Amino acid sequence: MMVIPTENRGSAFASRLILICGAAVIGFGLLGMLGWLLELPILASVRAEYFPLMPPAALSFVLLGTAMLLCSTAPTHRFNRAFCAIAVFLVSL
């Protein structure tokens, strides 16, 4: 097991938390899109009596989750910055 120096433990925890949250957002978006593609609204909603996640919202989840992952792993990479900016712009339309 790798021992993390004391001053970097908070930073390592925050990095892992960002990766987990980004992956969860992508997972929820993909699950919502899969529910619509398979015509199973239970996959696109939390419970059967709730409204399902609409396809544009599911696509927004996937775009923003991917942007979160890319910006957290390599924020200085030119492609990552461009993708993040375009994803946020498209979602805001």
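Rule-based calculations on the coordinates, nothing more; no lab input. Not measured: the values here are computed from a predicted model. Glycine gets a Cβ as well: all are built from the backbone with ideal geometry, and neighbour counts include every protein chain shown.
The sum of -39500 (n - 2.57) across all DSSP H runs of n ≥ 4, divided by the residue count of the chain, sets its helix-only mean residue ellipticity at 222 nm to -23500 deg cm²/dmol. Computed over neighbours whose Cβ is under 15 Å from that of ALA67, the net charge equals +2, Lys and Arg +1, Asp and Glu -1. Applying the criteria of a DSSP loop state and at most 10 other Cβ atoms within 10 Å to the trypsin sites (Lys or Arg not before Pro) of segment 7-50 yields ARG47.
Taking every C-alpha pair closer than 8 Å and separated by at least 6 residues, the mean separation divided by the residue count of the chain gives a relative contact order of 27 percent.
Multiplying the residue separation of LEU59 and ALA12 by 0.36 nm and subtracting their alpha-carbon distance yields 14.0 nm.
A simple count of charges around PRO41, restricted to other residues whose Cβ falls under 14 Å of its Cβ and scoring Lys, Arg +1 and Asp, Glu -1, yields -1. Scaling the Cα radius of gyration of the chain by the globular reference 2.2 N^0.38 Å produces a ratio of 1.32.
Averaging the Cα positions of each part gives two centres, and for segment 35-85 and segment 14-32 these lie 9 Å apart.
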